[in-house]
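Visitor: Right, I'll just put the structure down here and ask away after.
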2 protein chains.
Amino acid sequence: MFVTHLECSACSRSHPAGKPANLCQSCGLPLLVRYDLEAVGRHLTPEGLAGRPATMWRYAELLPVPAGYPPVTLGEGMTPLVELPGLGRALGCRGLLVKDEGLCPTGSFKARGAATGVTMAKVLGIGHVAMPTAGNAGGAWAAYCALAGLELTVIMPEDAPVVNMHECVAYGAHTYLVKGLISDAGKIVARGVARRGWFEVSTVKEPYRVEGKKTMGLEIAEQLGWRVPSTIIYPTGGGEGLIGIWKAIQELQALGWLEKGRFPRLVAVQAEGCAPIVRAHRQGAPVSQFWTGAGTVAAGLRVPKAHGDFIVLQAIAETEGTAVAISDGEIERVQAVAAKHGLYVGPEGAAGLAAVPALRDRGWLDAGEEVVVLNTGSGLKYPAPVRPELPVLEVDAEP
Amino acid sequence: MFVTHLECSACSRSHPAGKPANLCQSCGLPLLVRYDLEAVGRHLTPEGLAGRPATMWRYAELLPVPAGYPPVTLGEGMTPLVELPGLGRALGCRGLLVKDEGLCPTGSFKARGAATGVTMAKVLGIGHVAMPTAGNAGGAWAAYCALAGLELTVIMPEDAPVVNMHECVAYGAHTYLVKGLISDAGKIVARGVARRGWFEVSTVKEPYRVEGKKTMGLEIAEQLGWRVPSTIIYPTGGGEGLIGIWKAIQELQALGWLEKGRFPRLVAVQAEGCAPIVRAHRQGAPVSQFWTGAGTVAAGLRVPKAHGDFIVLQAIAETEGTAVAISDGEIERVQAVAAKHGLYVGPEGAAGLAAVPALRDRGWLDAGEEVVVLNTGSGLKYPAPVRPELPVLEVDAEP
């Protein structure tokens, strides 16, 4: 294992690795895992990676799990980076690539953070973890906790996607609904941490989830032959995925596997009905403010205030990226357009795709640019319960 | 491209590749693609494969698409082969591995056959394809046809999973329901072929779908380090997946990449409510008889008579495998057991898993055997529409 310590993302204070940790003891902000990257570079080369299994664990030296410790895994990672020229033309960008995280176990990118988070909880001897969720993180953590034999308490909005509720129940998590938003669920979890000794695993409130998400960035770089695209577009709720991708690129630059100082422009996409990071970015503010009355069809984007917001805003600023809000109507329009071109995405992924024409309209994006959009979850996680109107044929029908 | 010709699976008559083909012109039975495997062996080595992208197209030399022709792809294949010791213990087999085809695009193994089938339809200049489906093949073909710009007519039972109907509609396929089974849908398609010139792409009624399914077998062998497990268990509706895996192993043996003559025992799993192949196997019959009154929760297994049944039966016999039928009650029980151990499978995959205790009980399977079960589709394709009964907390609740 090449982990040296945990470092506060805000004040840089160092904390020891190897024991349970949540936030910085000085400033209460997120901790990030730091590695001895020189040692990693002596141990691992891009060529050495090539023959490894097609999961995110191929990057073991850049992950926090002790060498030899078996990861809690469903084979997550190495999702395809798909060229979609037809959809690209429809959206106004020929160089469109989609990283399809809907093909992760449990149908969303949340599997990556759950795999590292649950494995590290096991490594550190934690018995009962708890989290608020907008939906998909709950499903993913429930799966990996079931796999690991860890107890999980999960609290989600009562109007979260029904599929996520069934997932949590099927996997055996202690599942509660709340008459409110993920932020309200978070407050109940915080009280449970104080009263019951649960270990909190909310977004960026422990340092290992983001390490799993980081592998999205590692994979994009590897799949492009160790270079970065011009722009990466990320549907942003808690923002952990975008933070992870940014961290991946920094580490690969430090390793010398990517050109130093050459970053993709990172774009955070939110829904118009819940766009705290977009608002903060527009105002040039270093942190976001709580978004009152959050509401959108994209359940995963309904995060009124993210604890890691300042890191997302910093990532956007330092990579000359941007932030953009998409209306629910446009999300649904683009979801239909994507399906007609062969890709059935969830509304979060549709928001990411919808950022392409939005940014083209602003003149921010060129038609020929190489753009990677993250589809963070499968369209199958939002099933329409009612049978569509379709012609019903008799068995002897003539077509 | 290393394709030499198409060969009838029954009478061995040779047919030319490179033009549209359905069944053998002599005996009306399925055609299989044959390759110049000596030439493939000179061109490709296991080591040469290692660095290729993690999709089924890494095996390009063993696929029918002309060299240089861009495949119609969503990045399908190289699904994980997951060790599940906890679930294995629960089912009575320590050496359980699950090949999770739920992580294919469109959530089932059908994506593989659609990728090769649609690509070859495009190569051969076919404009309008048609198929009956139990559900998932329709969803997959609708996606790949949308991606390729091909017209698709799909006909499915009116009680097929609602998700599959929505998929077909969203992707833009001409979608019809039938007051009957997949066999009735098949008859309507056959009439459409005669009347309207559709090109039929039903299971094993064109030679290229099975080539995509074959990659499951190629991957299992590669993922195990170029060897085969003791037993492979396959949920069997039309049987194309099992046929493909058998073909893969034969080709890898011919290439010298797998030990000659050493086959995994192939097990076909069906539902008690539709088990024509199990019945034929028990009777020692070379072909199955139409199963009257087919009904099971596992929509994908509701195929009362498979056109490739005789190949499945031959594969079972020649590998010293077997066939087993699982009750719907046991499918649902094992589905719940699998979820409690971290894996959310569809009922078809659950039938596959349920074969493990069934074969242990018979003394057919040893506790220590290395067994690969194919989970042919994601549990997300069978969403429960109703919100589960869960405690609803007030925002100020004390946990």
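Visitor: When the C-alpha atoms of segment A:102-188 are aligned to their principal axes, what extent does each axis show, in angstrom, from largest down?
Guide: The principal-axis extents, from largest down, are 34, 29, 20 Å.
Visitor: Using helices alone, I'd like the mean residue ellipticity at 222 nm for the protein assembly as shown: each DSSP H run of four-plus residues gives -39500 (n - 2.57), total over residue count, nearest 500. Don't skip to the end; give the middle numbers.
Guide: Numbers: 26 runs with 294 residues, N = 798.
So the helix-based figure for the protein assembly as shown works out to -11000 deg cm²/dmol.
Visitor: What nm value, rounded to one decimal, do you get for the distance between A:TYR69 and B:ASP36 when each label is placed 7 Å out toward the C-beta?
Guide: With each label point 7 Å from Cα toward Cβ, the separation is 5.4 nm.
Visitor: Post the alpha-carbon centroid distance, segment A:9-65 to segment B:236-266, in whole angstrom.
Guide: Spelled out, the Cα-based centre of one part sits 41 Å from the other.
Visitor: Still on this model: Where the convex hull is taken over the Cα atoms of segment B:213-266, what is its projected area averaged over directions, in nm²?
Guide: Its average projected convex-hull area is 3.2 nm².
Visitor: I would also like to ask the following. Estimate the FRET efficiency between B:TRP226 and A:LYS340 by the formula 1/(1 + (r/R0)^6), using the beta-carbon distance for r and 45 Å for R0, to the nearest 0.05.
Guide: Here the calculated transfer efficiency is 0.65.
Visitor: Using Cα springs under 10 Å in a Gaussian network model of chain A, which residue among A:PRO16, A:PRO132, A:PRO30 shows the largest mean-square fluctuation?
Guide: Answer for the Gaussian network model of chain A: A:PRO16.
Visitor: Step by step: find N for segment B:283-399, compute 2.2 N^0.38 Å, then divide the Cα radius of gyration by it. What's the final number?
Guide: On the way: Rg = 18.6 Å, N = 117, 2.2 N^0.38 = 13.4 Å.
Ratio of Rg to 2.2 N^0.38 Å for segment B:283-399: 1.38.
Visitor: Further question: Counting only Cα, what are the radius of gyration and maximum Cα-Cα distance Dmax of segment B:1-66, in Å?
Guide: 14.0, 43
Visitor: Next up: Take the Cα of A:HIS128, step 7 Å along the line toward its Cβ, and report every residue of segment A:150-187 whose backbone nitrogen sits under 12 Å from that point.
Guide: So the set is A:151-154, A:174.
Visitor: Normalise the Cα radius of gyration of chain B by 2.2 N^0.38 Å (N = residues in it) and let me know the number.
Guide: 0.95
Visitor: Moving on to the next point. What is the sum of charges, Lys and Arg at +1 and Asp and Glu at -1, for the other residues whose Cβ falls under 15 Å from the Cβ of A:ASN136? All intermediate terms of the calculation are to be shown ahead of the outcome.
Guide: Details: positive: A:LYS110, A:ARG112, A:ARG209, A:LYS213, A:ARG302, A:LYS381; negative: A:GLU76, A:ASP100, A:GLU101, A:ASP159, A:GLU167, A:GLU240, A:GLU348.
In short, -1.
Visitor: For segment B:230-361, just run the numbers: alpha carbon Rg, then divide by 2.2 N^0.38 Å, N being how many residues it has.
Guide: With N residues counted in segment B:230-361, Rg over 2.2 N^0.38 Å equals 1.04.
Visitor: Setting aside same-chain residues fewer than 8 positions from B:LYS214, which aspartates and glutamates have a Cα under 14 Å from its Cα?
Guide: Filter leaves B:GLU61, B:GLU76, B:GLU101, B:GLU222, B:GLU240, B:GLU251.
Visitor: Would you mind giving the three semi-axes, in whole Å and largest first, of the ellipsoid equivalent to segment B:32-184 according to its Cα gyration tensor?
Guide: Values: eigenvalues 167, 127, 31 Å².
For segment B:32-184, the semi-axes come out at 29, 25, 13 Å.
Visitor: Please compute the Kirkwood hydrodynamic radius of the protein assembly as shown from all pairs of different C-alpha atoms, in Å with one decimal.
Guide: For the protein assembly as shown, the Kirkwood estimate is 26.6 Å.
Visitor: Take A:ARG94 and A:ALA367, extend 7 Å from each Cα along the Cα→Cβ direction, and tell me the distance between the two endpoints in nm.
Guide: About 0.8 nm separates the two model spin labels.
Visitor: Which pairs, out of A:LYS99/A:LYS340; A:LYS99/A:LYS305; A:LYS213/A:LYS381; A:LYS122/A:LYS179, put more than 23 Å between their alpha-carbon atoms? Present the calculation step by step, with values, prior to reporting the outcome.
Guide: On the way: A:LYS99/A:LYS340 18 Å; A:LYS99/A:LYS305 26 Å; A:LYS213/A:LYS381 20 Å; A:LYS122/A:LYS179 32 Å.
Pairs exceeding the cut-off: A:LYS99/A:LYS305; A:LYS122/A:LYS179.
Visitor: Per residue of B:66-77, count partner chain C-beta atoms within 10 Å of its C-beta, then hand back the mean as an integer.
Guide: 3
Visitor: Same structure again: What does the net charge come to around A:ALA351 if you take all other residues with beta carbon closer than 12 Å to its beta carbon, with K and R at +1 and D and E at -1? Please report the intermediate quantities before stating the final value.
Guide: Values: positive: A:ARG302, A:ARG333; negative: A:GLU272, A:ASP328, A:GLU330, A:GLU332, A:GLU348.
It works out to a net charge of -3.
Visitor: How far apart, in nm, are two points set 7 Å out from the Cα along the Cα-to-Cβ line at B:GLU47 and at A:LYS179?
Guide: Here the modelled spin labels are 6.9 nm apart.
Visitor: In peptide B:180-186, how many Cβ atoms from other protein chains are near each Cβ within 10 Å, on average?
Guide: Working: counts 5, 1, 0, 1, 5, 3, 0.
Mean shielding by partner chains, rounded to a whole number: 2.
Visitor: Then there is this: Of the residues A:GLY261, A:GLY68, A:GLY212, which exhibits the maximal mean-square fluctuation in a Gaussian network model of chain A defined by a 10 Å Cα contact cut-off?
Guide: Top of the fluctuation ranking is A:GLY68.
Visitor: Where does each of B:136-145, A:333-342, A:34-43 land if you order them by average Cβ count within 10 Å, highest first? Present the calculation step by step, with values, prior to reporting the outcome.
Guide: Details: B:136-145: 31.3, A:333-342: 20.9, A:34-43: 14.7.
So the order, starting with the most tightly packed, is B:136-145, A:333-342, A:34-43.
Visitor: Take the eigenvalues of the Cα gyration tensor for segment A:318-370, scale each by 5, and report the square roots as semi-axes in whole Å, largest first.
Guide: Details: eigenvalues 83, 32, 20 Å².
Here the semi-axes work out to 20, 13, 10 Å.
Coordinate-derived values only; no laboratory data. Since this is a predicted model, take the numbers as computed values, not measurements. Backbone-built Cβ (ideal geometry, glycine too); neighbour counts: all protein chains shown.
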